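Encoded as structure tokens, the structure appears first; notes follow it.
Each value in this text was obtained by applying a stated rule to the coordinates, not by laboratory testing. Since we're looking at a predicted model, the values are computed, not measured. Using ideal geometry, Cβ is built from the backbone for each residue, glycine included, and neighbour counts are taken over all protein chains shown.
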Amino acid sequence: MRLEINGERFEVRDADYLTLLDVLRDRLELTGTKLVCDRGECGACTVLLGDEPAYSCLTLAAACEGVSITTIEGVARDGELHPLQQAFVENDALQCGYCTPGQIMAALALLERSPSPSESEVVHWMSGNLCRCGTYPKIVRAVLAAARAMNSEGDGGE
Amino acid sequence: MANKANGRRFVSTRVEVEGREEVRTVELPAFELEPWEAGAALGIVGRCALRADGVDKVTGRARYSADIQRAGMLHAAVLRSAVASGRATVNLSRVRSLPGVRDAVTGSDIPTVEVNGLPLLDDAVRYAGQPIAVVCADTRGAAELALREIDVHYDSAPHAVTAAESLAPGAPRVRPNGNAPEVSPRVIERGDVDAGLAEADVVITREYRVPAALHTALEPHGAVAEWTGDRLTVWESTQGVFNTRADLAAALEIPISHVRVIQDYMGGGFGAKNGASTNAYIAALMARRTGRPVRCVNDREGEQTDSGHRPTSVQRVTLGARRDGTLTAIILDAEVALGIGGWEGGPGAIYQELYRCDNVRTTETFAYTNLGAMASFRAPCNVEGAFGLERAMDVLARELGMDPLDLRLVNYATVNQGRNTPYSAKRLDECYRVGAERFGWWVREGATGSSNADGRGRAALDGAPPVPRARDGRFRCGYGMASQIWGGGGGPPAYAMVRLEPDGSAEVLTGTQDLGTGSRTVFAQIAAEALGARLEDVRVVIGDTERTPYTGNSWGSITVASVGPAVRMAAEDARSQLLEAAAGILDTTPDRLVASDGVVRVRRGTRSLTFAEMGEQLGDVMIIGHGSRGPNPDDTTLSTFGAQFAEVEVDVETGVVRVLKIVAVHDSGRIINPALAESQLHGGIIQGTGYALFEERVVDHALGIPLNPNMHDYKIPTMSDIPEIDASFIDVADTVANHIGSRGVAEPPIIPTAPAIANAVSDALGVEVDEIPMTPWRVMSYKERESREQTAESGELPRG
């Protein structure tokens with residue numbers, strides 16, 4: 001099958017029965033996407049299919065042909081952190097970091113839909129992404145800070 | 001204390017291990033350092049530096065043990081018992097010939113390796129989830145599919161899954177040597193509790209129950225093993241690379257120097273990863289059999305059934321007090337179910353230590369049960385004990401007509417009563433004062449007059465009416481508080497090296513771990529401060545038994561207090577060498593030089609050299625600083641303290657409890673990085689909220705099988721479940737403890753959260769909460785009890 005991941009094309013063989021998560025991690029060594037619950041309960045394996053967030057552990061890779069897939073490895077551009085990544089670092093919105101890729105992918109999808117979310121919107125949207133270290137208050141802070149940064153970038157920019 | 005005068009190089013000192021202490025021989029540091037006093041002008045320590053590995057974590061670059069890929073690597077999957085007790089008959093012949101399968105074993109195919117004193121793979125089944133066979137295949141999928149093809153037949157036998165069942169006459173034999181560890185029952189007593197009860201004006205007796213809670217670290221236990229000749233390298237998700245190395249060498253009967261354990265990034269541990277895991281043994285053995293690298297990572301069900309839990313206990317508590325609140329007796333009788341193994345972690349310690357009382361007796365009875373083994377879980381023992389003790393203190397306060405906080409102040413302990421030693425520092429009184437103020441404790445509706453010396457209580461209202469609360473409608477509001485004591489003083493041995501690179505940067509080498517706590521960042525700050533380097537020029541390398549010098553496990557909140565002083569010493573050593581070298585170049589003496597911000601300057605002069613210029617001048621001459629952790633002060637107890645205040649809202653129609661606010665104030669000595677330390681407080685409070693409200697391993701008693709080994713049915717807090725959190729520290733250096741002035745931060749904040757919430761729910765409903773988690777159905781049962789009691793005992797004060 002042919003997959004387009006982070007703007008690159010990949011040819012993957014004998015993978016008809018594999019989940020997107022297994023293809024990413026075991027075939028393509030894109031290990032930023034994490035395997036945690038393997039049944040759609042924790043959000044750690046979240047990737048974007050187009051603009052839609054998806055649990056890659058519940059998604060067959062074969063169903064993703066023709067869709068542009070974004071993983072955590074594709075969020076920073078040309079070595080520059082995305083404002084959301086920057087906000088996670090600046091607000092200490094991570095501890096062990098294992099849920100972080102999924103949190104960032106979920107937040108990206110939110111900001112795509114709702115560029116200036118309210119706090120309760122962030123909390124509601126992100127509640128499917130579990131964090132055992134208890135970083136939630138700072139994740140909320142980071143997502144709101146990123147939204148502000150991205151909006152002011154938009155205002156002042158081209 | 002370190003005593004070089006009589007020329008001794010080795011001394012005996014107390015070393016703390018998970019809240020317990022052992023006496024060990026340690027080497028004295030080569031030189032002594034003056035402590036960083038409270039209020040010392042430090043530029044980098046105390047700063048909210050950004051997490052050193054933040055960028056690696058937000059880009060997906062950080063490689064955790066489960067992410068390690070090796071050429072030709074096989075994947076191991078574990079067949080786990082479907083029954084709680086009995087015998088499994090396994091036939092692997094069909095599985096061995098499946099495509100992609102490279103090897104399959106039962107216990108009889110491998111050398112004897114023990115986990116918790118029992119065989120690694122065993123056809124004698126003692127709990128559901130016990131490993132009984134392993135398959136190795138080319139892919140994870142092929143290995144997992146093969147598991148389903150294994151012919152396995154079970155002959156079930158009776159099981160015991162509660163302490164009561166296990167200790168009953170005629171109970172099934174849970175472990176070969178019996179159903180209780182040798183130490184059980186463990187009785188610790190001081191004074192005379194009967195005399196204490198006779199002195200009491202008020203005596204209360206209650207029974208409290210805590211559930212089995214599961215660590216649920218997002219990264220499961222897992223390891224990758226690879227042999228090169230007779231040398232083994234293991235990448236393991238572990239809180240102790242050196243412990244894991246020792247475990248593996250002993251189990252495989254190879255020299256310890258032939259084992260290298262590596263761990264760079266770690267996706268949480270919370271106490272369950274303190275030595276070599278089942279996965280590490282399996283990976284190492286299967287890699288040796290197959291001649292290929294092997295990865296063995298728990299799936300989520302394996303993780304939730306067989307990687308440890310906080311043990312469940314029943315705590316019968318009796319407190320006696322005089323009319324003025326002075327405690328005259330504390331008695332605890334606890335029954336603790338350990339699962340199939342682990343260690344004897346009972347709730348007694350906090351009953352012994354938190355409050356001043358001359359007459360204390362704790363009796364802990366332990367039972368092995370047919371469930372996975374317990375393991376340390378963030379402040380083991382004190383979390384469980386705090387729930388019973390702090391609930392009982394609230395009941396006593398109610399009986400005495402005292403404010404709960406006043407009762408705690410009346411019984412404030414100033415020394416460690418078990419050992420009769422002073423604390424290196426104890427600022428719990430300040431935690432109470434600041435916490436009460438930030439929470440508005442004394443101005444809440446229902447606050448009673450204060451008996452404490454500083455005249456707070458009602459007086460704080462200053463004539464204003466108390467802040468009213470919703471009481472009689474569907475949503476009832478309540479307030480509660482609780483306190484905390486824990487170790488976290490750390491100790492030797494721990495070593496560090498600081499190496500200056502030719503480009504002027506510095507590398508800190510220390511064999512510790514960063515579970516997500518931020519130790520990597522904190523050690524960079526300490527090293528930069530002591531070396532006079534710029535923070536961005538300091539890189540910390542951890543977690544590699546071959547490359548980094550020894551430190552102990554990251555447990556018991558001891559990492560900063562154990563390793564921090566060694567890191568500082570190594571950096572100071574490197575700095576003195578650097579200044580000596582610079583003195584030669586600048587034609588002056590080292591005492592006229594100072595290093596800061598990556599530059600060596602002549603005091604009151606203009607000449608200077610940057611570290612990079614120094615590196616160029618020195619060329620291949622290396623500066624390597626060595627540091628070690630000195631012994632702890634004699635006859636002193638190093639502890640951490642804190643208090644939390646909770647506001648809750650209970651929906652009396654559905655039984656749903658919402659925690660609206662937690663105010664937390666903790667005393668851990670000097671805070672190296674306030675932002676990261678605050679994150680730790682958040683984490684403890686949020687895990688404590690889960691323990692209070694949701695988290696409970698549910699077991700089918702008839703079958704002996706855990707029913708919720710996943711992340712949906714075992715519910716940890718989500719972003720929607722968390723309270724507003726106001727968390728802070730009494731940030732004062734404790735220079736008696738060690739020369740950086742810090743004690744631990746990670747475990748303390750989980751201790752008081754659940755009892756503070758339970759006290760608040762009791763306050764809201766006027767009914768005694770005696771069991772957690774406070775799930776809706778349990779809260780509704782309290783409501784029913786309340787109406788029954790009101791009918792039966794009308795006219796009496798509601799308890800709670």
Margin query: Per residue of the range B:413-419, what does 6.51 cos²θ - 1.76 cosθ + 1.60 with θ = phi - 60° give for ³J(HN,Hα)? Whole Hz please, x for Gly and Pro, Karplus curve as stated.
Written below: 8, 9, 10, 6, 6, x, 10
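For the cross-link pairs A:K138/B:K661; A:K138/B:K57; B:K273/B:K426, which exceed 23 Å when the distance is taken from alpha carbon to alpha carbon? Intermediate values should be presented prior to the final figure.
Working: A:K138/B:K661 16 Å; A:K138/B:K57 15 Å; B:K273/B:K426 30 Å.
Violating the 23 Å limit, Cα to Cα: B:K273/B:K426.
Does chain B come out rounded, prolate or oblate by the C-alpha gyration tensor, with a ≥ b ≥ c the root eigenvalues, rounded set by a/c under 1.5 and, if not, prolate when a/b is larger than b/c and oblate if not?
Values: a/c = 1.88, a/b = 1.10, b/c = 1.71.
Oblate, because a/c is 1.5 or more while a/b does not exceed b/c.
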Item checked: chain B: calculated mean residue ellipticity at 222 nm from DSSP helix runs of at least 4, using -39500 (n - 2.57) -> -8000 deg cm²/dmol
Item checked: Given 14 as the ceiling on other Cβ atoms within 10 Å, longest exposed-site-free region of chain B for GluC sites (Glu not before Pro) in DSSP loops -> B:254-444
Next item on the list: Treat the count of other C-beta atoms within 10 Å as a stand-in for reagent exposure and order A:Y17, A:Y136 from fewest to most.
Entry: A:Y17, A:Y136
Check: What GluC sites (Glu not before Pro) does the range A:50-134 have in DSSP loop regions with at most 14 other beta carbons within 10 Å?
Finding: A:E65
Checklist line | In the range B:302-375, the trypsin sites (Lys or Arg not before Pro) that fall in loop regions by DSSP, at most 12 other Cβ within 10 Å | finding: B:R323
Check: In whole Å, how far is the Cα centre of the range B:691-762 from that of the range B:34-59?
Finding: 25
Next item on the list: Amide H neighbours of B:N416 under 5 Å, at least 5 residues apart or on other chains, H built in the peptide plane: list them.
Entry: B:T421, B:Y423
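May I ask what percent, to the nearest 5, of DSSP beta bridges between residues of the range B:293-396 are antiparallel? Walk me through the numbers on the way to the answer.
Working: 10 of 19 bridges.
Antiparallel: roughly 55 percent of the beta bridges in the range B:293-396.
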Next item on the list: DSSP loop (so not H, G, I, E, B), at most 13 other Cβ within 10 Å: list which trypsin sites (Lys or Arg not before Pro) in the range B:583-615 pass both filters.
Entry: B:R603, B:R604, B:R607
Margin query: Below 20 Å, Cα to Cα, which lysines can B:K715 reach? Residues fewer than 8 away in the same chain don't count.
Written below: A:K34
Notebook entry, point to check: In whole Å, what is the distance between the alpha-carbon centres of the range B:111-157 and the range B:345-362?
Noted result: 41
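Which of rounded, prolate, oblate describes the range B:62-125, given a ≥ b ≥ c as roots of the alpha-carbon gyration tensor eigenvalues and a/c under 1.5 marking rounded, otherwise prolate only if a/b is larger than b/c? Don't skip to the answer; put the middle values down first.
Values: a/c = 2.18, a/b = 1.38, b/c = 1.59.
Oblate is the answer for the range B:62-125, as a/c is 1.5 or above yet b/c matches or exceeds a/b.
If neighbour count is taken as other Cβ atoms inside 10 Å, put B:W777, B:W227 in order from fewest to most.
Working: B:W777 9, B:W227 18.
Fewest to most other Cβ atoms nearby, the residues stand as B:W777, B:W227.
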Margin query: Given Cβ point charges of +1 (Lys, Arg) and -1 (Asp, Glu) and nothing else, what value in debye, to the nearest 20, does the dipole of the protein assembly as shown about its Cα centre take?
Written below: 940
Check: Residue by residue, what Karplus-based ³J(HN,Hα) values in Hz, rounded to whole numbers, does the range B:67-72 have, using 6.51, -1.76 and 1.60 with θ = phi - 60° and x for Gly and Pro?
Finding: 8, 5, 10, 10, 4, x
Checklist line | Given charges at Cβ of Lys, Arg, Asp, Glu: the range B:374-425 dipole, positive-most of B:P380, B:L409, B:L396 | finding: B:P380
Margin query: Can you list residues from other chains, or at least 5 along the same chain, whose modelled amide H is less than 5 Å from the amide H of B:A104?
Written below: B:C136
Check: Which cross-chain or sequence-distant (5 or more) residues have an amide H under 5 Å from the amide H of B:V540, H modelled 1.01 Å from N in plane?
Finding: B:V508
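Which shape class, rounded, prolate or oblate, goes with the protein assembly as shown when its Cα gyration tensor gives a ≥ b ≥ c as root eigenvalues, a/c under 1.5 marks rounded, and past that a/b bigger than b/c marks prolate?
On the way: a/c = 1.35, a/b = 1.09, b/c = 1.23.
Rounded is the answer for the protein assembly as shown, as its axis ratio a/c remains below 1.5.
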Check: What are the aspartates and glutamates whose alpha-carbon lies under 12 Å from the alpha-carbon of B:K783, with same-chain residues fewer than 8 places away excluded?
Finding: B:D651, B:E653, B:E768
Next item on the list: Pop out the ³J(HN,Hα) list for the range A:136-152 in order, Karplus 6.51 cos²θ - 1.76 cosθ + 1.60 with θ = phi - 60°, rounded to Hz; leave Gly and Pro as x.
Entry: 3, x, 7, 5, 4, 4, 5, 5, 5, 5, 5, 4, 4, 4, 5, 5, 6
Notebook entry, point to check: If one computes the Cα centroid of the range B:532-611 and of the range A:51-115, what distance in Å separates the two points?
Noted result: 38
